[in-house]
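The values are calculated or read from the model by the stated rules, or taken from the named source; none is laboratory data. Owing to the predicted nature of the structure, the values given are computational and were not obtained by experimental measurement. Every residue, glycine as well, gets a Cβ built from its backbone with ideal geometry; the counts of neighbours run over all protein chains shown.
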């Protein structure tokens with residue numbers, strides 16, 4: 001199974017569980033930017049939100065985690081839409097809802113995250 005960031009989303013998230021900058025660069029070759037208008041601290045909050053969501057045990061459809069940046073007023077949430085296995089790995093289909101002030105409408109991204117045998121969560125391409 002091959003993992004890669006999704007080309008259509010300059011917003012692809014970094015692998016979960018507090019990745020180092022080098023690991024983020026492997027998953028997001030676009031300077032770690034989740035989307036237009038998001039600051040580096042907004043992006044970090046998105047990464048942390050999905051990390052908490054994927055790390056929660058047991059995972060449940062409908063489970064969500066929200067974030068809000070008081071400095072930029074950007075906010076969002078990550079919600080599990082589906083739980084399944086792919087190639088023997090546990091996977092989550094996650095909807096990422098992003099709100100950037102002054103840039104309506106809000107944006108939704110759906111990404112499939114799978115936990116590799118090493119324990120890292122990566123975007124399934």
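Say we look at the range 23-42 and pick out the residues that are in a helix (DSSP H, G or I) and at pLDDT below 90; which of these is surrounded by the most Cβ atoms within 10 Å (Cβ to Cβ)?
Applying the filter and picking the extreme gives 27.
When you go through (1) within 11 Å of residue 50 (Cβ to Cβ); (2) assigned to a loop (DSSP other than H, G, I, E, B) one by one for residue 103, which number turns out not to apply?
Among (1) within 11 Å of residue 50 (Cβ to Cβ); (2) assigned to a loop (DSSP other than H, G, I, E, B), residue 103 violates only (1).
Filtering the range 81-122 down to residues that are in contact (Cβ under 8 Å) with a residue 60 or more places away in the chain and out of contact with any strand residue (DSSP E or B) (no Cβ under 7 Å at 6 or more places or on another chain), which residue is surrounded by the fewest Cβ atoms within 10 Å (Cβ to Cβ)?
102
Out of 70, 58, I need the residue that is part of a loop (DSSP other than H, G, I, E, B) and under 13 Å from residue 100 (Cα atoms). Which one?
It is 70.
Among the residues of the range 64-80, are any in contact (Cβ under 8 Å) with a residue 40 or more places away in the chain and at positive phi? Full working, then the answer.
Filtering the range 64-80 for residues in contact (Cβ under 8 Å) with a residue 40 or more places away in the chain gives none.
No, the range 64-80 contains no residue that is in contact (Cβ under 8 Å) with a residue 40 or more places away in the chain and at positive phi.
Residues to consider are 111, 81; find the one that is out of contact with any helix residue (DSSP H, G or I) (no Cβ under 8 Å at 6 or more places or on another chain), assigned to a strand (DSSP E or B) and under 21 Å from residue 44 (Cα atoms). Talk me through it step by step, then tell me what you get.
On the way: 81 fails: under 21 Å from residue 44 (Cα atoms).
Being out of contact with any helix residue (DSSP H, G or I) (no Cβ under 8 Å at 6 or more places or on another chain), assigned to a strand (DSSP E or B) and under 21 Å from residue 44 (Cα atoms) holds for just one of 111, 81, which is 111.
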